[in-house]
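Everything on this sheet refers to the single structure shown next.
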Amino acid sequence: MNRRRFLRTTAAGLGAALAPAVARAQEPIKIGVLLPFSKAFTVLGENTFGGFTLGTKEVGPEIAGRKYVVVKEDDTADPSVGVSKVRKLLDRDDVDVIVGTVHSGVAAAIRNPIVDAKRLWLNPIATNDLLAEQGCSRYHFRFSTSGWQSSAPLAPWSKAKFGDRAYVCAFNFAFGQQTAAHFKKAFEAIGGKVLGESFPPFGTTNFAPYFPAIKDARPQFIFANFAGPDAVAFVKQFADFGLAASVKIVAPSNLVSEDVLSAQGDAALGIYSISYYTPSYDIPKNRAFIKACTEHLGKEPDHFMCAGYDVAQALFGALRETRGEASNRERLASIIEAMKLDSPRGRLRWDPKNHNPICDLHVRVVQANPLRHVVVDVLKDVTHPDTGTCKL
């Protein structure tokens with residue numbers, strides 16, 4: 001074989017060998033989004049996705065010269081549905097990253113399939129403490145708060161402001177149970193007394209049977225945790241029953257989040273909540289975020305939109321650094337772990353021990369004219385406690 005023929009043959013062979021790799025490199029990055037787009041948590045899923053789409057608008061249709069596609073699935077806030085949908089995203093769609101979800105029970109159910117597949121998992125909302133403790137994973141990053149962060153810091157704050165007698169009422173699934181337990185433990189550790197507990201089932205519309213026990217216990221305040229239609233019903237009926245006149249309410253942000261606040265109306269006035277994001281928080285990044293939400297989504301932002309937006313910031317920031325390479329999940333995880341994100345909430349970073357967020361938390365109160373949250377205190381750099389059970 002002469003030299004010229006050898007070169008032609010070798011080049012052809014190399015081209016054939018490289019062709020699949022080149023083709024794969026040109027395939028779009030696949031982003032699987034698993035959120036509740038129907039039933040009780042529809043608005044929460046839509047707002048989270050809305051925030052994420054704002055991040056994609058800032059990036060454009062490509063990142064570092066490579067196109068990406070978003071594959072949406074509806075988990076309906078049902079763990080069994082969530083498992084089915086996440087397996088479809090992983091096995092059939094072969095997505096590079098999972099963005100999801102809202103419901104804590106769904107988060108627990110989809111944990112093993114995602115982690116076993118070694119896919120990057122960016123969790124915008126689900127608070128389940130499992131994911132910061134014995135079920136933590138190198139591939140999982142939370143963007144909201146853990147159940148502990150959503151509740152325990154309120155204990156010393158509420159005791160100092162309202163007194164040492166409290167009552168607990170929360171919906172009876174993972175998020176409600178965990179936050180109630182954290183609040184109670186933290187409150188009793190500093191000398192407070194929990195006078196009683198109630199755990200209405202998810203989807204309760206009539207809270208009247210639970211109110212006499214609260215009235216008879218005569219607490220100075222109640223720690224309450226509900227979301228969506230349950231939150232609207234609880235807040236309005238609590239006021240109608242006459243309890244709001246003598247018993248203050250403290251809560252995680254979802255009890256009076258922007259998606260339910262207008263429906264609650266004046267019944268929500270004076271309710272205190274804790275959140276990583278507040279629309280009225282006046283910093284430059286938030287002013288720009290509010291403008292974007294109003295112009296592109298047609299609504300004012302809430303903490304669901306903020307979390308979705310921050311997911312996009314982190315994901316595309318990491319992909320920009322890898323020049324569009326999405327298959328090296330270890331490198332993507334390392335990049336996000338080292339990030340200090342400029343978020344509408346303020347600075348956001350992740351605890352290297354468990355990939356739970358470290359950020360400031362706002363204590364807010366609902367005020368009128370206009371009906372909105374006003375920050376009354378800022379708890380700096382709140383970190384989920386190290387339980388010693390997380391193994392990244």
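Roughly speaking, what is the stretch gain from Q134 to D386, that is 0.36 nm per residue apart minus the C-alpha to C-alpha distance, in nm to one decimal?
Going from the current span to full extension adds 89.6 nm.
Once both labels are modelled 7 Å past Cα along the beta-carbon direction, what's the A213-K299 spacing in nm?
It works out to 3.3 nm between the two label points.
Quote the FRET efficiency, to the nearest 0.05, computed for N172 versus N369 with a Förster distance R0 of 45 Å and r equal to the Cβ-Cβ distance.
Calculated value: 0.80.
When N counts the residues of region 81-155, how does its alpha-carbon radius of gyration compare numerically with 2.2 N^0.38 Å, as a ratio?
1.09
Using the reciprocal of the averaged 1/r over all distinct C-alpha pairs, how large is the Kirkwood radius of the chain in Å?
Computed over Cα pairs of the chain, the Kirkwood hydrodynamic radius comes out at 21.9 Å.
For the modelled label position 7 Å from the Cα of R347 along Cα-to-Cβ, which residues of region 296-311 have backbone nitrogen atoms closer than 17 Å?
Output list for this probe position: empty.
Could you tell me how many cubic angstrom of Cα convex hull volume region 79-121 has per residue?
Expressed per residue, the convex hull around the Cα atoms of region 79-121 is 56 Å³.
When the helix-only estimate is applied to the chain (DSSP H runs of n ≥ 4, each -39,500 (n - 2.57), divided by the residue count), what is the mean residue ellipticity at 222 nm, nearest 500 deg cm²/dmol?
Working: 12 runs with 153 residues, N = 392.
About -12500 deg cm²/dmol.
Return the equivalent ellipsoid semi-axes of region 145-228 as a descending list in whole Å, where each equals the square root of 5 times an eigenvalue of the C-alpha gyration tensor.
Largest first, region 145-228 gives 20, 17, 9 Å.
Could you give me the percent of Cα pairs per 5 Å distance bin for region 242-392, shortest bin first, beginning at zero and ending with the bin that holds the maximum distance?
Result returned by the calculation: 2, 8, 16, 18, 17, 14, 11, 7, 4, 2, 1, 0.
Toward the positive end of the charge dipole of the chain, about the Cα centre and with charges on Cβ (Lys, Arg +1; Asp, Glu -1), which of P344, A186, V247 goes farthest?
Going by the Cα projections, it comes out as P344.
If packing is taken as the mean number of other Cβ atoms within 10 Å per residue, what is the order of 356-369, 91-104, highest first?
Ranked from most to least packed, the peptides come out as 91-104, 356-369.
Taking the alpha-carbon centroid of each part, what is the distance from region 85-143 to region 275-327 in angstrom?
Centre-to-centre (Cα) distance: 20 Å.
What order, most packed first, do the peptides 339-352, 284-297 have when packing is the mean number of other Cβ atoms within 10 Å of each residue?
By packing density, highest mean first, the sequence is 339-352, 284-297.
Can you give me the angle between helix 42-59 and the longest principal axis of the chain, using Cα atoms only, in degrees from 0 to 90, rounded to the nearest 10?
Result, in degrees: 40.
Quick one: P(r) of region 160-306 from all Cα-Cα pairs, 10 Å bins, percents rounded to integers, in order of increasing distance.
For region 160-306, the pair-distance distribution reads 11, 39, 32, 14, 3.
Just grab the label-to-label distance for K340 and V378, each label 7 Å out from Cα along the Cβ direction, in nm (one decimal).
Taking the simple label geometry, K340 and V378 are separated by 1.5 nm.
Heavy atoms only, probe 1.4 angstrom, no DNA, RNA or ligands counted: give me E188, E73 ranked by accessible area, highest first.
If we order E188, E73 from most to least accessible, we get E188, E73.
Using R₀ = 51 Å, calculate the FRET efficiency as 1/(1 + (r/R₀)^6) where r is the Cβ-Cβ separation of T322 and N206; round to 0.05.
0.45
Picking from V102, W121, Q149, whose Cα lies most toward the positive end of the charge dipole for region 64-154 (charges on Cβ: Lys, Arg +1; Asp, Glu -1)?
W121
Residues with beta-carbon under 14 Å from that of K380, excluding K380: net charge, scoring Lys, Arg +1 and Asp, Glu -1?
0
Run the dipole for the chain about the Cα centre, Lys and Arg Cβ at +1, Asp and Glu Cβ at -1, nothing else charged, and hand back the magnitude in debye, nearest 20.
Rounded to the nearest 20 debye, it is 1340 debye.
The values are calculated or read from the model by the stated rules, or taken from the named source; none is laboratory data. None of the values given here were measured: they were computed from a predicted structure. Don't worry about glycine lacking a Cβ; one is built from the backbone with ideal geometry, like all the others, and counts go over all protein chains shown. The protein model used for the area step is the full one, side chains on, heavy atoms only, and it has no ligands, DNA or RNA in it. Shrake-Rupley method; radii C 1.70, N 1.55, O 1.52, S 1.80 Å.
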